[in-house]
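*Asks:* Got a structure for you, questions after.
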């Protein structure tokens, strides 16, 4: 097991280097002028000044020099009128991703501010995906070809065909514009004033959790109220997929000989399903876990835009539509890192539950 | 043609029942696939839906005549007002040519906004009709290009094996390590200033990150077929490697990839519409369903009143994706009977 984990972990840095190189290649497809946003806040219009900046930060150097600088940053010493200034700048490893034109602030700050909001959404979305998807998938398989199974099947295929933004818009139409129950945004204005006031402690930056820790239940419910619709729209797609995978894997497992054996020796059906079939049937679902993380991260881009939810995805969508490549590329980088790590966790988890994986 | 007239060799094969003209024409395997598709109620619904979309796409100039024949994808606007108009409102300014069937059906000379207008007075009906062409074009092109790249990489990888396989599969891993939508969005933003605003940038961006699933699937299918007896037999007889790959292995290994492709067309159409919903891709006013849906964002608080901005394009998009998914699902059941009803 330890052997397997070590082997798997060795691949991580290689994959990470690959990810950064691919992202950097996209960056190199930009003109040096567009790349100045990596180092300067406002890109000047003056050609002579621009040329100076490009020279100063070496934006037309060979790609490997620029790649190195992009990763680790650079120290620039300038002497002007006898005053020497030393400037440590750039370097994604130091958390300096450049300046976001669309958000008018450093990308690093933007990420730090927006990420907790998206994380909060994704965390709440994972619960129905895992609980509901697996439960209904098992029910569908056990009641194979009964009416309940058909309902579950139809749910699965229609859910999979329903684009998340259409679903989100329809929910908004019904439950916000129609009834006013669940408003868009992250939190109401009155609650926002309290949350941003010094009396309110931000322990985790996840508003619903912080509200509980501050014993402000009104804020807790307010933030839940804002999250209901985006969480449903974010979750149902993966919920439908988890359901389908669980169902087909469970059906496959229930056909195995050892299940017949378990039934033949007189075990209760409940034991056969829960103890003998389910653990094996869940393996493909664990693999799906990595995909679900991918899906939720991609999903927030559209869902947050639909619901005006101030998270990472909405910021990325806004940056991309205004061609602010530096910003959106940093989001890709950040999410790519999360993804690589999530896949490692899934692989190790998989090896833990299925001993056969460790052998090859 | 009846069974009696057939050459003797055909009847010697496993078919000892009458063979109708279609089976004779397309061959046994393809006939079985077609028959399976035609008798499965799920796929029949899917095929009917798909047929409707193909009809709408083909008949777009008749269903919604364009103002200018050279630029039919530009949705006509009835003025510039911000407040949407309900379905059935009459056209006031710059009315496009009246479709001939409208007069035949209603007896009126006045063309109306069949599905209302969005903010900015874009005609929703026109966008839905011409958007069908955009969706079909984008979905099919992205999938086809993805399959071509995927099949090439998967086949080369499985065929050469060793270091080539290792490198190609690690590259595939790498491309899969990116969050799909976010990366496609980025690449599209990189490409747009270079290719101009339009369909090309988002489509290329989606293609670049769409081939990995096809490559992996084909590779694993080839690897398992490579060990079969009939391949060994061909090798023993001295058939060239490339001929074995293209004539013996690929035709048998390609089916799961094609099934996957048919199921992906719908999801690429969703992603493409999603990108244009976010404002990435075509110009404002281009006939595209995602574009139409994005107009709804101007009226978030009053969507109950202006429901037609999302319901018409939204339902159309759902039905479009559903039709491909139903056909793909049935195709898989037919091509792999072992899986029948297991999903």
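*Asks:* Among A:35, A:69, A:45, which is the only one that is modelled with pLDDT under 85, away from chain B (no Cβ under 14 Å) and either over 30 Å from residue A:355 (Cα atoms) or touching a strand residue (DSSP E or B) at 6+ places or on another chain (Cβ under 6 Å) (or both)? Spell out the reasoning first.
*Replies:* Values: A:35 fails: away from chain B (no Cβ under 14 Å); A:69 fails: modelled with pLDDT under 85.
Unique residue meeting the criteria: A:45.
*Asks:* Among helices (runs of 4 or more DSSP H) lying entirely in region B:55-162, which contain 2 or more residues that are touching a helix residue (DSSP H, G or I) at 6+ places or on another chain (Cβ under 6 Å) and farther than 28 Å from residue B:296 by Cβ? Before you say what the answer is, go through the steps one by one.
*Replies:* Details: elements: B:60-63, B:100-106, B:124-160.
The helices (runs of 4 or more DSSP H) meeting that bar are B:124-160.
*Asks:* Further question: Just one of (1) closer than 13 Å to residue A:323 by Cβ; (2) at pLDDT 90 or above; (3) surrounded by fewer than 21 Cβ atoms within 10 Å (Cβ to Cβ) trips up residue B:196, so point out which.
*Replies:* (2)
*Asks:* Determine, yes or no, whether residue B:319 is more than 8 Å from chain A (Cβ to nearest Cβ), under 12 Å from residue B:122 (Cβ atoms) and assigned to a helix (DSSP H, G or I).
*Replies:* When the stated conditions are applied, residue B:319 does not pass them.
*Asks:* Tell me whether region A:223-245 contains one or more residues that are in contact with a helix residue (DSSP H, G or I) (Cβ under 8 Å, 6 or more places away or on another chain), more than 22 Å from residue A:133 (Cβ to Cβ) and either away from every other protein chain (no Cβ under 14 Å) or not in a loop (DSSP other than H, G, I, E, B) (or both).
*Replies:* yes
*Asks:* Would you mention how many residues in region B:169-200 are touching a residue at least 60 places away in the same chain (Cβ under 8 Å) and more than 8 Å from chain A (Cβ to nearest Cβ)?
*Replies:* Looking only at that region, the number is 4.
*Asks:* Kindly evaluate residue A:103 against the criterion of being within 13 Å of chain B (Cβ to nearest Cβ), at pLDDT 80 or above and surrounded by 13 or more Cβ atoms within 10 Å (Cβ to Cβ).
*Replies:* Values: within 13 Å of chain B (Cβ to nearest Cβ): no; at pLDDT 80 or above: yes; surrounded by 13 or more Cβ atoms within 10 Å (Cβ to Cβ): yes.
It is false that residue A:103 is within 13 Å of chain B (Cβ to nearest Cβ), at pLDDT 80 or above and surrounded by 13 or more Cβ atoms within 10 Å (Cβ to Cβ).
*Asks:* When you scan region A:177-215, how many residues do you find that are over 26 Å from the mean Cα position of the chain (by Cα) and within 14 Å of chain B (Cβ to nearest Cβ)?
*Replies:* Total satisfying the criteria: 5.
*Asks:* For the subset of region B:261-293 comprising residues that are without any contact (Cβ under 8 Å) to a residue 60 or more places away in the chain and assigned to a helix (DSSP H, G or I), which member is nearest to residue A:324 (Cα to Cα)?
*Replies:* B:277
*Asks:* Show the residue pairs that are 6+ apart or on different chains and have beta-carbon atoms under 6 Å apart, the first residue being within region A:285-313 and at the interface with chain B (Cβ under 8 Å from one of its Cβ atoms) and without any contact (Cβ under 8 Å) to a residue 60 or more places away in the chain, the second being surrounded by fewer than 20 Cβ atoms within 10 Å (Cβ to Cβ) and part of a helix (DSSP H, G or I).
*Replies:* A:298/B:180
*Asks:* A further question on this structure: Examine region B:156-166 for a residue that is touching a residue at least 24 places away in the same chain (Cβ under 8 Å) and under 29 Å from residue B:276 (Cβ atoms), and state whether such a residue exists.
*Replies:* No, the conditions are met nowhere in region B:156-166.
*Asks:* Collect the residues in region A:198-239 that are surrounded by fewer than 19 Cβ atoms within 10 Å (Cβ to Cβ) and within 30 Å of residue B:321 (Cα to Cα), keeping them in residue-number order.
*Replies:* Once the filter is applied, which keeps residues that are surrounded by fewer than 19 Cβ atoms within 10 Å (Cβ to Cβ) and within 30 Å of residue B:321 (Cα to Cα), region A:198-239 yields only A:228.
*Asks:* Residue under question is residue A:55, and the condition is that it be within 30 Å of residue B:171 (Cβ to Cβ), assigned to a helix (DSSP H, G or I) and free of Cβ contacts under 8 Å to residues at least 12 places away in the same chain; does it hold? Don't jump to the end; show me each part of the working.
*Replies:* On the way: within 30 Å of residue B:171 (Cβ to Cβ): no; assigned to a helix (DSSP H, G or I): yes; free of Cβ contacts under 8 Å to residues at least 12 places away in the same chain: yes.
So residue A:55 fails the test.
The values are calculated or read from the model by the stated rules, or taken from the named source; none is laboratory data. These numbers come from a predicted model, not from an experiment. Cβ atoms come from the backbone with ideal geometry, glycine included; neighbour counts cover every protein chain shown.
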